[in-house]
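Here's the structure we're looking at; comments come further down.
The values are calculated or read from the model by the stated rules, or taken from the named source; none is laboratory data. The model shown is predicted, which means the values in this text are computed figures rather than measured ones. In this analysis, Cβ positions are derived from the backbone assuming ideal geometry, glycine residues included, and neighbour counts consider all displayed protein chains. Quick note on the areas: whole protein, heavy atoms, side chains included, nothing else; ligands and nucleic acids left out. Shrake-Rupley method; radii C 1.70, N 1.55, O 1.52, S 1.80 Å.
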Amino acid sequence: MMKVKDLLNELLDESERKQTLLSIYDNRDDIDKFYVGYIVEIFDDSILLYSYDENGEEDGYLLIRLVDIFKIEKESTYLNGLNILVKQNASTERGVNNKFKNDEKDGITEVTSICHEKRILVTVKLIYEDFIAGYIVGKDDEYLLIEKYSKNGARDGYNLIWFRDIQNIHFDGKEEKNLIKLLKADV
């Protein structure tokens, strides 16, 4: 009999190889919310998804911890329709991924290291539904120090957070790109 972990790994591996659009659910408190995208990398602790919004438009990268995933859908009616929109929107970013070499087995370590080194603006979702948008300005084996910005582009101090409290990390998405525009406009 196949173990659930084996089924999960098999589904993720196949989806990465075949570039299958997936719906990923990680919020048990709101089962109507989910992420849609293609798997870019599979780590021991997480997956990196190139995500799309409900209109089939690109919405950047999303790292999701495996322990938070409670449901994955593929080939649903919704995804089949959305796949048409994704293709019509002629995605250019997906697949062109030189940022991640999978040097680490731990996705959170890999993604935070790269975002820190390359000064990529991130939105970090913590396990208790708190969102922090900003730049990673410091990190060690247990903590991240994030220079935080409000949604209107105002600098909002620093947040020190534990790695263990990170549920997902979103970057190069629409919200992050809009925040960068506000920062450049010096609002």
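Sparsely packed loop sites in segment 106-187 (the GluC sites (Glu not before Pro) outside DSSP H, G, I, E and B with at most 15 other Cβ atoms within 10 Å) comprise E129, E142. Per residue, the accessible area of the chain comes to 56 Å² when a 1.4 Å probe rolls over the protein heavy atoms.
Provide the gained length on full extension for the span V67 to E142, in nm with one decimal, where the gain is 0.36 nm per separating residue minus the Cα-Cα distance. Going from the current span to full extension adds 25.2 nm. Computed from Cα atoms, the angle from the helix 4-18 axis to the main principal axis of the chain rounds to 90 degrees. Of the GluC sites (Glu not before Pro) found in segment 34-88, the ones in coil according to DSSP and having at most 13 other Cβ atoms within 10 Å of their Cβ are E54, E57, E75. With respect to the chain, whose longest principal axis is taken over its alpha-carbon atoms, helix 174-184 is tilted by about 20°.
Across V122, V67, V36, mean-square fluctuation computed from a Gaussian network of the chain (C-alpha pairs under 10 Å connected) peaks at V67. Rounded to the nearest 10 degrees, the inclination of helix 107-117 to the longest alpha-carbon principal axis of the chain is 40 degrees.
Remind me, relative contact order of the chain in percent, using alpha carbon pairs under 8 angstrom and six or more residues apart? Relative contact order of the chain: 17 percent. In terms of Cα atoms, the Rg and Dmax of segment 99-187 work out to 12.6, 39 Å.
Note on E57 and D186: the extension gain reaches 43.7 nm, defined as 0.36 nm multiplied by sequence separation minus the Cα-Cα distance.
Under 5 Å from the amide H of V40 lie the amide H atoms of L48, L49, Y50, each residue being 5 or more positions distant or on a separate chain, with H modelled from the backbone and absent for Pro and chain starts.
3J(HN,Hα) along segment 31-38, derived from phi through the Karplus expression 6.51 cos²θ - 1.76 cosθ + 1.60 where θ = phi - 60°, amounts to 6, 8, 9, 7, 10, 10, x, 10 Hz, with x in place of Gly and Pro.
Please work out the C-alpha center-to-center distance from segment 131-187 to segment 1-63 and express it in whole Å. Result: 23 Å between the Cα centres. Shown here for segment 1-89: trypsin sites (Lys or Arg not before Pro) in loop regions (DSSP other than H, G, I, E, B) with at most 11 other Cβ atoms within 10 Å, namely K3, R28, K33.
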